[in-house]
1. Among what's in the range 1-25 and is farther than 30 Å from PRO79 by Cβ and more than 14 Å from the chain's Cα centre (by Cα), pick the residue that is surrounded by the fewest Cβ atoms within 10 Å (Cβ to Cβ).
2. Considering only residues of the range 65-92 that are without any contact (Cβ under 8 Å) to a residue 12 or more places away in the chain and among the polar types (S, T, N, Q), which is most open to solvent (accessible area, probe 1.4 Å)?
3. Considering only the range 30-69, state which residues are within 15 Å of the chain's Cα centre (by Cα) and over 13 Å from ALA12 (Cβ atoms).
4. Could you tell me which residue of the range 37-64 is least open to solvent (accessible area, probe 1.4 Å), considering only residues that are of a type in the set (S, T, N, Q) and touching a strand residue (DSSP E or B) at 6+ places or on another chain (Cβ under 7 Å)?
5. I need the full set of residues from the range 1-53 which are of a type in the set (D, E, K, R) and part of a helix (DSSP H, G or I), in order please.
Amino acid sequence: MAVISSITIRRARRDDVGIIVKMLADDALGGARERLEDPLPESYFNAFEQVDRDPNLQLVVAVDGEGAVVGCLQLCILPGLSSQGASRALIEDVRVASHCRSRGIGEQMVQWAVAEARAKACKLVELLTHHTRVDAQRFYERLGFARSHVGMTLRF
């Protein structure tokens, strides 16, 4: 596959929610969590509105040269008292459309998120990936991220 050298990253819009959910559902973990229905459950649109209103959250999409949404991620800026009052960035829900994987899109999106975090004076960038996503872990390590935490989850 050819590398996509030029993507545009922009804030997600309400009409992007369907394609974002489709990308979130496009693996074993996401397929079990998401509900791909027509119409989509209103909960997705309610969540989009909450994210879109929050100045510390950015849900963005990657758009190829033809205007198609080919990736997404959410960047969360978390102010805090630790580390001398440093803000940190959290990258969440990085996805690339299955037909566009291994073409450099994910790397460009993560690089954009890191640059955005720096521009917002964050002192570190963190991300989470499920322990079963070994390919994703290798991808993030290749981009310079280091294993540093033990994550724990409490589901309701």
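The values are calculated or read from the model by the stated rules, or taken from the named source; none is laboratory data. Worth saying up front: this structure is predicted, and the values here are computed from it rather than measured. Please note: Cβ atoms are built from the backbone with ideal geometry, for glycine as well, and neighbour counts cover all protein chains shown. Just so you know, the surface numbers come from the protein's heavy atoms only, side chains and all, with ligands and any DNA or RNA stripped out. Shrake-Rupley method; radii C 1.70, N 1.55, O 1.52, S 1.80 Å.
1. Residue satisfying both the conditions and the ranking: ALA2.
2. GLN84
3. Answer for the range 30-69, where residues must be within 15 Å of the chain's Cα centre (by Cα) and over 13 Å from ALA12 (Cβ atoms): GLY30, ASN56.
4. Within the range 37-64, the match that is least open to solvent (accessible area, probe 1.4 Å) is GLN58.
5. ARG14, ASP15, ASP16, LYS22, ARG33, GLU42, GLU49, ASP52, ARG53 - these are the residues of the range 1-53 that are of a type in the set (D, E, K, R) and part of a helix (DSSP H, G or I).
One line per residue, one yes/no per condition, for (1) open to solvent by 40 Å² or more (accessible area, probe 1.4 Å); (2) closer than 15 Å to ALA62 by Cα; (3) at pLDDT 90 or above:
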{"residue": "VAL94", "(1), (2), (3)": "no, yes, yes"}
{"residue": "CYS100", "(1), (2), (3)": "no, yes, yes"}
{"residue": "ILE105", "(1), (2), (3)": "no, yes, yes"}
{"residue": "TRP112", "(1), (2), (3)": "yes, yes, yes"}
{"residue": "ALA121", "(1), (2), (3)": "yes, no, yes"}
{"residue": "LEU128", "(1), (2), (3)": "yes, no, no"}
{"residue": "PHE139", "(1), (2), (3)": "yes, no, no"}
{"residue": "GLY151", "(1), (2), (3)": "yes, no, no"}
{"residue": "ARG155", "(1), (2), (3)": "yes, no, no"}
